[in-house]
1. What's the number of the only condition in (1) in contact with a strand residue (DSSP E or B) (Cβ under 8 Å, 6 or more places away or on another chain); (2) in a loop (DSSP other than H, G, I, E, B); (3) away from the ligand (no atom under 14 Å from the Cβ) that residue B:237 fails to meet?
2. Considering every residue within region B:33-56, establish whether at least one is without any contact (Cβ under 8 Å) to a residue 60 or more places away in the chain, within 14 Å of another protein chain (Cβ to nearest Cβ) and either within 14 Å of the ligand (Cβ to nearest atom) or outside any helix (DSSP H, G or I) (or both).
3. Condition test on residue B:88, is it under 19 Å from the mean Cα position of the chain (by Cα), surrounded by fewer than 21 Cβ atoms within 10 Å (Cβ to Cβ), more than 11 Å from the ligand (Cβ to nearest atom) and not in a strand (DSSP E or B)?
4. On the basis of being over 22 Å from the mean Cα position of the chain (by Cα) and either closer than 22 Å to residue A:738 by Cα or in the same structural domain as residue A:234 (by TED's automatic domain parsing) (or both), does residue A:525 make the cut?
5. Can you spot a residue in region A:2-21 that is in contact with a strand residue (DSSP E or B) (Cβ under 7 Å, 6 or more places away or on another chain) and modelled with pLDDT under 75?
6. Taking residue B:42 and the conditions (1) at pLDDT 95 or above; (2) on the phi > 0 side of the Ramachandran plot, which numbered condition does it fall short on, given that it satisfies the others?
7. Residue B:78: within 12 Å of the ligand (Cβ to nearest atom), surrounded by fewer than 21 Cβ atoms within 10 Å (Cβ to Cβ) and more than 14 Å from chain A (Cβ to nearest Cβ), yes or no?
8. Among the strands (runs of 3 or more DSSP E) confined wholly to region B:168-213, which include 1 or more residues that are more than 18 Å from residue B:111 (Cβ to Cβ) and more than 14 Å from every other protein chain (Cβ to nearest Cβ)?
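The values are calculated or read from the model by the stated rules, or taken from the named source; none is laboratory data. Keep in mind the model is a prediction, meaning the values are calculated, not measured. Reconstructed Cβ throughout: ideal geometry from the backbone, glycine too, with neighbour counts over all protein chains shown.
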Ligand SMILES: Cc1cc2nc3c(=O)[nH]c(=O)nc-3n(C[C@H](O)[C@H](O)[C@H](O)COP(=O)(O)OP(=O)(O)OC[C@H]3O[C@@H](n4cnc5c(N)ncnc54)[C@H](O)[C@@H]3O)c2cc1C
């Protein structure tokens, strides 16, 4: 259990006990959320606002023969019906995806997945818009669909993307990393090679707030204001400018409170574009908000990685190499969000936390008749898949060698003196003491006692399992020279202004979807300047009010924008030093900083606080030559490298031998995310991620039948875990600051989602004595695995 | 629209609409008023009780009633009482009331077993036993429970009042003996001496519909043998009843583990499950046996305990 310092726990504690900087502090944003006073996109109400609804394809693959909208148009409350043909006239029927592919905004030629956008109705109210959808008559000519990615490249597979010039198959890309020859050589001389096929099924981020927007095109001044559920408002604005030809200064994207993103809200969805067009056509604001089923069926999914992993080792259990082939199902359009150079995201961190000689991966992306998107869901650009692969492989190896999985990991973990560590696929891990973290997790869990208990229970016919996972994340994308999305570099800006009274406003390019930015970023600035966090206003989510940057995903806010906030605060501190020098009539070099004030070296009583300096900066004080008044600064932070948070997780499960039901009894998570800014927020992030991990391991999947019907279009079928499926989390931490980061923080948003699924699956396999079964480990699938084996899910 | 499995969630949504079609709405002020409204609006009218089955179906436009007759003001249908050797349950009794009733828990612990695993507290606060039985989803838990305890449904309509045993009440998936213009008003459960009952369900997560579930009720004769037995299974067949062979195998026998294993084996044979996302046919068949065994074992334990604690005079 994490040690909790009670006194500093609450934001309502006496001011003297609240941290001026890092420490446990209740979130500044929570009073409005717990009072129901958050302001989400669906709360936006504008005079004369109309409502949009999307007509979606009932079929996974079909040619559109005709669309008749006349009945819908004559509905008394309908103001506009937009089809692909209409958009074609505007050059907007297709839009670029985040992976440089194109995606239909509204289908013109064919529909390519069930739930694809076919037409958009704008009506006076939400109900009329949906009623009118039923009045649109679309004639489809059904085509055979490609549902199973394993058949996407068959010679006779129907070609899904016949809209693309010269396409004769469903192949998207081949990509590889590592050294194939060196890896083959290592495998050739290994004593033991274990091979395992595994599927990381299609899952969905399923944020509680679905996606939506309100588009308001001012017909007079031509300014478009767009309230959107987006994790990346600036990137969206630039893309709208590029795609729709709207001048960028005339677009304002506002991302208000966001009810969860998890990657689901990175991309641009057809509904947003349609709402904009609807507003242009009707000269009224248009709101469009998805239903739950639309969100689950049509927006960015995650994973769908068919992996064949191999691990090579000596008989004693020294891991030599890892080799993997992946078939990646990207759906009907390649809409994956990831840095351009990396079509498989950061999957090539699959060498994990181990000191190995060689590694190689080969990834092939294919189109299928399923919803597009991919990468989403708190995965740090496919690190989740990578960690799952290697952590399952290590357990398979332990099983093969008859070794204890904890010992096997301990023997192979990177050692502290190896950092910074160049792995075999091109990453430079920044810092870590992996064995210490694993040891801490084992101690917290009482590993040896658990193993003894397990043996006793087994003797009584009870199935108890202990599963471990050790993960290395790679987050904080990223260095501009390597990383961009659609040509936009992944650097982030930050602006800080200290007001005359010593209060401050910090403006961020990243956008919170629940991560607590308003608190964390105030604390970062507070730590640097000694201004209490409650005196610092954090502004984010509005492109007219914040500097440019690429947004929040891939755990990048603290590593990138957090660094920017620290850097900009240091700039202000430096300027404050000059001003303090003028105030005290000494040279700046004679001053020394102590949190909140500059004092004269050797004379700590002679000092000026940051608040006094702020007032002087705005006052009549004579400033040194070349120094401007006021107290503010801006910066753009270009990360020199990614950061590599890591952790050791341990899960204990009990499996009912008669029914296959899995109960997660305990979960111990020891995270190292470097410097800990607000431990309470970190714990919240870890709790959520662990719950996600239990969900993916045990119940979540977007399934399809052979015709391409999505079978998981509601929360009755797409199961997300609740407090009742999850244990009381037991957290611990180690702190290894990142050496290249201004404050040593590594980011933690996705660590737990990335690290936990493997621990749960490893525990279940340990309990039932089966080498591998694919997620989700529902009671039925566990029981099948215990009785002769279970097929990969569809 | 294809129904692929039970529990209306498991439906392939061919169009993602979650807004109901237009309908008219009336709030009935008495049972007579409700019957009059139903008669007036005819075939296109539907009763709405807790709304936790009907509203989701309407939002998905799987149901499009033109008129809704709301019976939530009919407090005269919200009761639990013991009368003439029967437990009488008003049709508007909420899940929560059943779960919190000491009387129900003492006489029929099977109801408490089931209620604990039906949906979640917000659904249980509103959902009613009448709505549950009338929905007649083959995965519905209370129908299986009522089948096991041999409940009788009391139906009121233009033709008067009639009583229908559970086996006949349930006519197949989403179909019951309640005709147009009729109202289910009461459920009557006979109280037996030395009786015990239990319900066992496997679900993928809390609040999920059953992958499979089994309810068992039995009473012990003075010689310790099983005097009477009732079985109801959910989610493993289009029918909730049909376990007569199991019941026959139990009566007159010692309540042993072997007997209950045998009972489970017959239940597994006699059920007729479909493979779906909740599990394969093979798994569900296995569960039918396993859960029947577990429910009967617990029911017998409870019957023995009831025998010793005055259950006889209940
Ligand atoms: C999230 C969720 C999870 C659920 N999980 C489960 C579960 O695990 N197990 C389970 O068994 N159930 C489950 N349910 C269903 C729940 O138990 C419902 O409350 C119940 O099925 C219906 O009761 P109701 O009063 O809400 O009925 P309503 O929705 O109001 O009505 C259902 C049907 O019964 C008719 N009706 C209602 N009352 C009468 C009456 N007196 N006379 C004639 N007809 C009537 C209506 O016209 C309608 O056709 C779940 C529901 C939800 C929303």
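1. Residue B:237 satisfies every listed condition except (1).
2. yes
3. Judged against the criteria, residue B:88 is not a match.
4. Numbers: over 22 Å from the mean Cα position of the chain (by Cα): yes; either closer than 22 Å to residue A:738 by Cα or in the same structural domain as residue A:234 (by TED's automatic domain parsing) (or both): yes.
Spelling it out, residue A:525 is indeed over 22 Å from the mean Cα position of the chain (by Cα) and either closer than 22 Å to residue A:738 by Cα or in the same structural domain as residue A:234 (by TED's automatic domain parsing) (or both).
5. Our first condition is that a residue be in contact with a strand residue (DSSP E or B) (Cβ under 7 Å, 6 or more places away or on another chain); within region A:2-21, this holds for A:2.
Checking the rest, the ones that are also modelled with pLDDT under 75 come to A:2.
For region A:2-21, residues in contact with a strand residue (DSSP E or B) (Cβ under 7 Å, 6 or more places away or on another chain) and modelled with pLDDT under 75: present.
6. Checking residue B:42 against (1) at pLDDT 95 or above; (2) on the phi > 0 side of the Ramachandran plot, the one that fails is (1).
7. Working: within 12 Å of the ligand (Cβ to nearest atom): yes; surrounded by fewer than 21 Cβ atoms within 10 Å (Cβ to Cβ): yes; more than 14 Å from chain A (Cβ to nearest Cβ): yes.
Considered against the rule, which asks whether it is within 12 Å of the ligand (Cβ to nearest atom), surrounded by fewer than 21 Cβ atoms within 10 Å (Cβ to Cβ) and more than 14 Å from chain A (Cβ to nearest Cβ), residue B:78 comes out as yes.
8. Values: elements: B:170-172, B:183-190, B:195-202.
Hits in region B:168-213: B:170-172, B:183-190.
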